[in-house]
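These notes concern the structure reproduced below.
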Amino acid sequence: MSDNGGVVVLGGGPAGSMTALTLAREGVPCRLLERNPAGVDKVCGEFLSPEAVSALDGLGFPWAAAQASTIRALRLDNRGRTVCLPLPFEGRSVARAFLDGWLLQNARQAGVHVSLGVHVREVVRSGDHFQLLAGDRTFFAGTLVLATGKHSLGPFHPRQAAPGPALLGWKMNFHKLGQGIVDALHHTLGLFFFDGGYGGISRVADDEVTVSLLLQPAFLQQHRQGGLGVLDALKGDAPLLDQLLGEGEPVWERPKTVANLPYGHCDAGAEASLFVVGDQFAVLPSFTGTGMSFAMASGSLAARHILLSPPTTAPWHYAAEARAMAHKVLQLALPLHRLLQRPAFARLAMTALAWVPQLMPAVARRTRVMHIDRAKHAA
């Protein structure tokens, strides 16, 4: 079976949906292919920075229906020490399944031809077209937007992590929460540090909390006993995590994981008719909370260049702007990302923040995607 199309967006997360939605609102026919049959939970901290919140406000996102949590403070834990700081901005936290599902629904309502449950396993460039192979179906794209997030398409778009140990993402959600943990996480995002990684704790609904870890595979192998063995091993150093384990129950039978995260990857070039967005373009350190912002900003930016730039130069102009957005974050965030995996540095950083809280807004300014509004205005 064969399907033909002009612009095809591969991937229905925030980056892909934002690209397709922006194009559809400007009357450009677009097909979106998503491997999952609906919005699903993914290995993601689910934090939305002010820039992402602003972009979703512009789309009419239903914050109340999403049971979004407002984040105004940061709690840092490391080996028994706790530092609480006000954030220099207000963010929000929303369950990815709800966010992705809502964006896909709105893309369809805007006129995007959304196809769910389509698992494209291979992409081949054929002359001036792309062939997307999905089982017994082949889709053709004159312009391809690659938005497959952390899923690699092998030799078609290889990605390489910055030098350093391989890292794994781990996530478990908890519900049936006790009032104590609800109060502790009121308007607060928790971060905790351990040897070889760091983790985050945040409410993503009225009765649901997510725990996301970034760790080296050897640490997980060492603490595999029981379904939540890795959390049991960490709770002594993170009182908030210990409280959550005592007052909540796991939502899933098994945690969700994703291996070989290419942190620090940033596309170095561009190809004709190809627009790479979100995590496929650049993988930003998790602690910055800018991943979702970059996904939406790069998606909107790609759509703007498809709409306004000459086809012969659009991918290069887009890539240059997206690279500038990513590099602004990576310059400071990538070194900090490596250092925060070392407990001694994490303790030093917490001491510095406790004594000089003005460091927080300084770091925040230099690790945020600042061009999302420009991209959003094309919508």
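The values are calculated or read from the model by the stated rules, or taken from the named source; none is laboratory data. Predicted model, so just to flag it, every value in this text is computed and none were measured. Using ideal geometry, Cβ is built from the backbone for each residue, glycine included, and neighbour counts are taken over all protein chains shown.
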Next on the checklist: Scan the stretch 109-124 and tell me whether some residue there is over 23 Å from the mean Cα position of the chain (by Cα) and of a type in the set (Gly, Ala, Ser).
Outcome noted: yes
Checklist outcome for this item: Given the conditions (1) farther than 18 Å from Val43 by Cβ; (2) out of contact with any Phe, Trp or Tyr (no Cβ under 8 Å at 6 or more places or on another chain), every one holds for Leu240 apart from (2)
Checklist entry - Could you say whether any residue in the stretch 317-335 is buried (at least 21 other Cβ atoms within 10 Å of the Cβ) and either assigned to a loop (DSSP other than H, G, I, E, B) or modelled with pLDDT under 90 (or both)? => result no
Next on the checklist: Tell me yes or no: at least one residue of the stretch 308-315 is surrounded by fewer than 19 Cβ atoms within 10 Å (Cβ to Cβ), touching a residue at least 24 places away in the same chain (Cβ under 8 Å) and either in a helix (DSSP H, G or I) or touching a Ser or Thr at 6+ places or on another chain (Cβ under 7 Å) (or both).
Outcome noted: yes
Item to check | Flag for Gly291 being over 20 Å from Leu334 (Cα atoms), surrounded by 24 or more Cβ atoms within 10 Å (Cβ to Cβ) and within 15 Å of the chain's Cα centre (by Cα) | outcome: no
Checklist entry - Across the stretch 162-194, what is the number of residues that are farther than 14 Å from Leu76 by Cα, of a type in the set (Gly, Ala, Ser) and touching a Leu at 6+ places or on another chain (Cβ under 7 Å)? => result 2
Checklist entry - Could you list, in sequence order, the residues of the stretch 183-201 that are outside any strand (DSSP E or B) and modelled with pLDDT of 90 or more? => result Asp183, Ala184, Leu185, His186, His187
Next on the checklist: Could you go through the stretch 219-239 and let me know if any residue there is free of Cβ contacts under 8 Å to residues at least 40 places away in the same chain, in contact with a helix residue (DSSP H, G or I) (Cβ under 6 Å, 6 or more places away or on another chain) and on the phi < 0 side of the Ramachandran plot.
Outcome noted: yes
Item to check | Enumeration of residues in the stretch 236-268 that are outside any loop (DSSP other than H, G, I, E, B), of a type outside the set (A, V, I, L, M, F, W, C) and touching a Ser or Thr at 6+ places or on another chain (Cβ under 9 Å) | outcome: Pro239
Item to check | Options Asp100, Asp77; residue that is crowded, with 16+ Cβ neighbours inside 10 Å and under 30 Å from Leu348 (Cα atoms) | outcome: Asp77
Checklist entry - If you scan the stretch 32-48, which residues turn out to be within 15 Å of the chain's Cα centre (by Cα) and either within 12 Å of Ala297 (Cα to Cα) or in a strand (DSSP E or B) (or both)? => result Phe47, Leu48
Item to check | Conditions (1) among the small types (Gly, Ala, Ser); (2) closer than 23 Å to Lys256 by Cβ; (3) assigned to a helix (DSSP H, G or I); (4) at pLDDT 95 or above; number of the one not met by Ala20 | outcome: (2)
Checklist entry - Looking at Val204, Val209, which is the one that is within 19 Å of Pro255 (Cα to Cα), of a type in the set (A, V, I, L, M), over 16 Å from the mean Cα position of the chain (by Cα) and outside any loop (DSSP other than H, G, I, E, B)? => result Val209
